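Report on the following structure.
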Amino acid sequence: MADIAQLPLIVIVGPTASGKTSLALELARACGGEIICADSRTIFKGMDIATAKPTHAEQASVPHWGLDLVEPGEYYSAADFQSYAQQKIRDIRARGHIPFLVGGTGLYVDAVVFNYEFGPPANQHLRTELQQLSLEQLHEYCDKYNVRLPENKHNKRYVIRAIETRNSVPRRDSNPVKNTIIVGIATDTPVLRLRIESRAEQLFQDGVVQEATVLGKKYGWDNQAMTSNIYPLLRDYLAGSMTLEMVQSTFVTQDWRLAKRQLTWLRRNRFIHWLSLEDARIYLATQLAIYG
């Protein structure tokens, strides 16, 4: 095994349903690696099926980090994730293993890869006031005070953070941290669409309706974490205003839009090697052989 200090950070990114998780699992098993999930949805406890969290069997086969970090609705920032992931990378290397940073939340990935320096911590008094406002009122606030809406303007937490920071851009390094290999999974549009549709079907087979029912009762449907992803659609289904077919169709459209937003963010990073799933497998296996 190579010197611990020289062990690489393998970063695998791509849109939802691109196959990055299965590739990371395969490679991590082969080289004794450990996976850090960079996903702003899988940080929540109990939200397993709807977020396509790695299964218990997958987590048992390869150590996973970055999952089940906070209760639904609890605030967790990109700065929080950065600090967590940097510590895990050090820990994994100290064990003589190779860290894999895998996910589709571009800000989480970039915060680690480009060593972001975030602004001051949140003003708790201001945050408490802002949390009382509806999303529409927050948008009006941004318009009134000339605050640029974040890319995910439909996520209340992101809008509040944009107001708190007044859109200040975190300082960042111009190059990735040393000894980082970054691969993006490039998928043809029709193939990606089919994969998204297939995964939507799988969610229902795995029991996403039952999961949402339990979470809705435990945390309340108005919990911030329950107002995104497929949960609002399932709330409407359980209330009788949507059929399962309508929920699935609408969710596919939403996930497709999410994939396009993820790609828009990721394509800004000129250091990503964009490869097909099979070419990425070959490329990374070759890179990892050096450390075998």
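Any read-out appearing in this document is the output of simple, stated calculations on the displayed coordinates, not a laboratory observation. Note that the coordinates shown come from a computational prediction; the quantities given were computed from them, not determined experimentally. Reconstructed Cβ throughout: ideal geometry from the backbone, glycine too, with neighbour counts over all protein chains shown.
Using the per-residue mean of other Cβ atoms lying within 10 Å as a proxy for protection, in what order, highest first, do the peptides 150-157, 125-132, 93-100 fall? Don't skip to the end; give the middle numbers.
Numbers: 150-157: 16.2, 125-132: 11.8, 93-100: 18.6.
In descending order of packing, they fall as 93-100, 150-157, 125-132.
Counting only residues at least eight positions apart within a chain, or on another chain, the lysines with an alpha carbon under 17 Å from that of K260 are K20, K153.
Of the residues Y231, Y283, Y158, the one with the fewest other Cβ atoms within 10 Å heads the list, and the complete ranking is Y283, Y158, Y231. Summing Lys, Arg as +1 and Asp, Glu as -1, what charge do residues with Cβ under 11 Å from the Cβ of H139 carry, H139 excluded? Every neighbour counted, the sum reads 0.
In the set (1) 62, 47, 35; (2) 55, 44, 33; (3) 60, 38, 33, the label that goes with Cα extents along the principal axes in Å computed for this structure is (2).
Using a 10 Å cut-off on Cβ atoms, rank the peptides 20-29, 138-147 from the highest mean neighbour count down.
Working: 20-29: 20.1, 138-147: 13.5.
By packing density, highest mean first, the sequence is 20-29, 138-147.
Where both residues lie in the chain, what percent of DSSP beta bridges are antiparallel, nearest 5?
Expressed as a percentage, antiparallel bridges in the chain total about 5.
How much of the calculated P(r) for region 119-169 lies past 11 Å, in percent of all Cα pairs? Write down the numbers at each step before the final one.
Numbers: 830 of 1275 pairs.
Summing the P(r) of region 119-169 above 11 Å gives 65 percent of all pairs.
Go through region 222-292 and name the trypsin sites (Lys or Arg not before Pro) that are in a DSSP coil and have 13 or fewer other Cβ atoms within 10 Å of their Cβ.
Numbers: sites: R235, R257, K260, R261, R267, R268, R270, R281; in loops: R267, R268, R270.
Sites meeting the loop and neighbour criteria: R267, R268, R270.
Considering only G240, F204, L194, the residue lying farthest towards the positive end of the dipole of the chain is L194, judged by Cα position with unit charges set on Cβ.
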